[in-house]
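A short write-up of the structure that comes next.
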Amino acid sequence: MHRVGSAGNNSNSSRPRKEKRLTYVLNDSDDTKHSAGINCLAVLKSSVSDGCNYLFTGSRDGTLKRWALAEDAATCSATFESHVDWVNDTVIAGENTLVSCSSDTTLKIWNCLSDGTCTRTLRQHSDYVTCLAAAERNANVVASGGLGGEVFVWDIEAAVTPLSKSSDVMEDDCSNGINGSANSLPISSLRPISSNNSITAHTTQCPGYVPIAAKGHKESVYALAMNDNGSLLVSGGTEKVVRVWDPRTGSKTMKLRGHTDNVRALLLDSTGSVFILLVKSLTDISYSLRYCLSGSSDSMIRLWDLGQQRCVHSYAVHTDSVWALASTPTFTHVYSGGRDLSLALHDDSIWVATTDSSVHRWPAEGRNPQKVFQRGGSFLAGNLSFSRARVSLEGST
């Protein structure tokens, strides 16, 4: 057996050379399509009456894509490349900020209307980042959860404050951790390969900034939801409980028990109104309390009264895991999906993404959803078949 030495090492030393990991993505020849399943959706509504609405999709191929929505079509207008692993969730923060999280343990911040350049990379998680939540009326607040049992609340404005140093110098200064903390994660010098094959640099979070930590989960976190003004946060995961937090301080408020398996989806009723379709008697519930809806791998959907700190109703409408929930702004109607779906509501339509990289748009009419779903249109966001998703929707109530 002959040892092959590395370049520049002419000695007979048997000491192994240090290895470096190189990660890259081979794009599909058609860059307007995802090359793997879609994990998340987010809709950006135009602020002007005649402006364009956009749908953002995050995929297991490590990219996000922006789709310009027309009445009967959707056109890919940009690809957002910087993550080096699955994109697991994405949310809109404010008017034009997109935040995504990934199995590469990072959050990334983008300008929704840009050409796909990452503006900041946020690092604090020790494992895959699985879920995000944003406060609709507080553009600066975004929460993240991951497999490490960590929940962080980010002030986006503070995290992206312009730096006085160049990104390269800053990354060198922070190579041993954020703000010099021994418990912080090391920051590597990631360089994403953009769609035009040129190598571009992007900056990481500002030195010295550390998000608020909501400490309490002992196991993985898979679901988050936040109310509109950012004063209430709920989380769930493999511990089978729903935890309630004050995101302004990271303090625990309560713990809700009832599910018998992983909590995978959460919704908060920020309006204080009741679930008209789900509650049998409106006189049984006070209008002044806030409600939470949770979906679990135990196939159950539960409605929680946060004032009474208890489950007030359980819905056994699924025969398998419930991994997706979406509601109208007034919470008069709620849509739920199984383990292979992602949901997002947009005006009178509901967007449905699947793990085989397709996206469907269906009329979101609550009067008889199982009937109007059959009239839905769709477009192919990826290069794989989407027949299985259509069958599952049309065959289920």
Considering amide H positions built from the backbone, and no H for Pro or chain starts, which residues 5 or more places from Val359, or on another chain, come under 5 Å of its amide H? Phe379, Ala381, Gly382
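Run the accessible area of the stretch 57-161 with a 1.4 Å probe and give the carbon-and-sulfur part as a rounded percent.
Ligands and nucleic acids excluded, carbon and sulfur give 43 percent.
Multiplying the sequence separation of Val48 and Ser231 by 0.36 nm and subtracting their Cα-Cα distance, what value in nm do you get? Display every interim value, and only then the final one.
Numbers: separation 183, 0.36 × 183 = 65.88 nm, distance 2.86 nm.
Full extension of this stretch gives 63.0 nm more.
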Could you tell me the center-to-center distance, by alpha carbons, between the stretch 68-136 and the stretch 229-245 in angstrom? 22 Å
Per residue solvent-accessible surface (Å²) - the stretch 33-128, probe of 1.4 Å: 35 Å²
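Compute the FRET efficiency between Asp72 and Lys20 as 1/(1 + (r/R0)^6), taking r as their Cβ-Cβ distance and R0 = 41 Å, and round to the nearest 0.05.
Working: r = 49 Å, r/R0 = 1.19.
Taking R0 as 41 Å, the efficiency between Asp72 and Lys20 is 0.25.
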In nm, the gap between the two label points placed 7 Å beyond Cα toward Cβ at Asp347 and Thr249 is 4.3 nm
Extension gain, Asp320 back to Ala158 (0.36 nm per residue minus Cα-Cα distance, nm): 54.2 nm
Convert each backbone phi in the stretch 290-307 into a coupling constant with the Karplus relation 6.51 cos²θ - 1.76 cosθ + 1.60 (shift: θ = phi - 60°), then list the ³J(HN,Hα) values in order as whole Hz, x for Gly and Pro. 9, 10, 10, 10, 10, x, 9, 5, 7, 6, 9, 10, 10, 9, 10, 8, 6, x
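The values are calculated or read from the model by the stated rules, or taken from the named source; none is laboratory data. The model shown is predicted, which means the values in this text are computed figures rather than measured ones. With ideal geometry, Cβ positions are generated from the backbone for all residues, glycine too; neighbour counts draw on all protein chains shown. Ligands, DNA and RNA are stripped out before the accessible areas are found, and what is left, the full protein with its side chains, is counted by its heavy atoms. Shrake-Rupley method; radii C 1.70, N 1.55, O 1.52, S 1.80 Å.
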